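The structure appears below as structure tokens.
The values are calculated or read from the model by the stated rules, or taken from the named source; none is laboratory data. Just so it is clear, the model here is predicted, and its values are computed rather than measured. Cβ: placed from backbone, ideal geometry, glycine included. Neighbour counts: every protein chain shown.
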Amino acid sequence: SFADIGKKHSDPLLLERNGLLASPQSAPGNLDIGKNGEFKISGTGGSRENSTVDFSKVDMNFMRKIPIGAEASNVLVGEVDFLERPIIAFVRLSPAVLLSGLTEVPVPTRFLFLLLGPAGKAPQYHEIGRSIATLMTDDVFHDVAYKAKDRNDLLSGIDEFLDQVTVLPPGEWDPSIRIEPP
């Protein structure tokens, strides 16, 4: 299955050997504090090389908890009045890019999900965004997203995730009787 492929290819040594492991330059720990409360991401990170962020606005307590080499996935949904049908884009950036102001802390963005649709369906768009964000937290799907060659690979990864996931409605289950995973 596609999930097995994702698990097989998520071995850190294999990822490093294939050049798919995040480079140290994309790590949030590579920050040079500059004058006037700004910092610069050090290294040769391509499009991140000369990026600066206002250091005074960064939540350093949160920043310390982010592992070295972490990358962000941004999910953006919204309504517009000039569309008749929703449009969706799932973008994998190569290399990851520091998009100032889009994330809470200066972490390079690897994936963007964008959903724009006609007015009147904001709650549905919001739920789709929540679902995609949940999907991106799954390690197996995350690996599938890194390796996907086309839309069918992504759809297969989503199908595999849905086959393996158990959904419990929040209003109908008691958290105190929760069964711990094996």
Cβ pairs under 6 Å, 6+ apart or interchain, first in region 111-130 and over 11 Å from Pro86 (Cβ atoms), second among the polar types (S, T, N, Q), ordered by first then second residue, are Phe111/Ser73; Leu112/Asn74
Listed by range, helices (runs of 4 or more DSSP H) wholly within region 91-182 having at least 2 residues that are exposed (fewer than 13 other Cβ atoms within 10 Å of the Cβ) and modelled with pLDDT of 90 or more are 122-137, 151-164
**Asked** Out of curiosity, is Glu104 over 12 Å from the mean Cα position of the chain (by Cα) and under 26 Å from Ile68 (Cα atoms)?
**Response** yes
Handout entry: Gly78 being over 17 Å from the mean Cα position of the chain (by Cα) and not in a helix (DSSP H, G or I)
Key = yes
Counting only residues in region 130-151 that are touching a helix residue (DSSP H, G or I) at 6+ places or on another chain (Cβ under 7 Å) and β-branched (Val, Ile, Thr), the one nearest to Leu93 (Cα to Cα) is identified as Val144
Note: among Ser56, Ser73, just one is at pLDDT 90 or above, in contact with a helix residue (DSSP H, G or I) (Cβ under 9 Å, 6 or more places away or on another chain) and not hydrophobic (A, V, I, L, M, F, W, C), namely Ser73
